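One structure is given here, and the rest of the page talks about it.
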Amino acid sequence: MRVCVKLFAAVRDIAGDEKIELEVSGDADIAEVRAAMIAKWPSLEPYARFLNFAVNQTYATAITRVAADDEIACIPPVSGG
């Protein structure tokens, strides 16, 4: 299935767009979405364990299942002061 992921901050800069489409299995979870992103953009690898995701505006875990019509957001770590 095809999913759309909204990107923010450094992840958006690496991908070069604010939204990406990924092909994942029909029973995909956030772990698979993360893996598909890293496969497409290997420079995301250093950020992989720090990336947070939300599905339909609710924070998700690695085992949260996704559907083609879900709103998925990838939220990188935030720093600053």
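The values are calculated or read from the model by the stated rules, or taken from the named source; none is laboratory data. The structure displayed is predicted, hence computed values, not measured ones. Cβ coordinates were reconstructed from backbone atoms using ideal geometry, including for glycine residues, and neighbour counts include every protein chain displayed. Surface areas here come from the heavy atoms of the whole protein model, side chains and all, with no ligands, DNA or RNA. Shrake-Rupley method; radii C 1.70, N 1.55, O 1.52, S 1.80 Å.
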*Compute the normalised compactness of the range 1-61: alpha-carbon radius of gyration over 2.2 N^0.38 Å, N being the residue count.*
1.03
_Can you give me the distance in nm between label points at ALA68 and CYS4, each placed 7 Å from the Cα along the Cα-to-Cβ direction?_
1.3
_Given charges at beta-carbon only (K, R positive; D, E negative), |dipole| of the chain in Debye_ = 200
*So what's the angle, to the nearest 10 degrees on a 0 to 90 scale, between helix 30-40 and the longest Cα principal axis of the chain?*
60
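Might you tell me the accessible area per residue for the chain, computed with a 1.4 Å probe and given in Å²?
Details: 4880 Å² over 81 residues.
Averaged over the residues of the chain, the accessible area is 60 Å².
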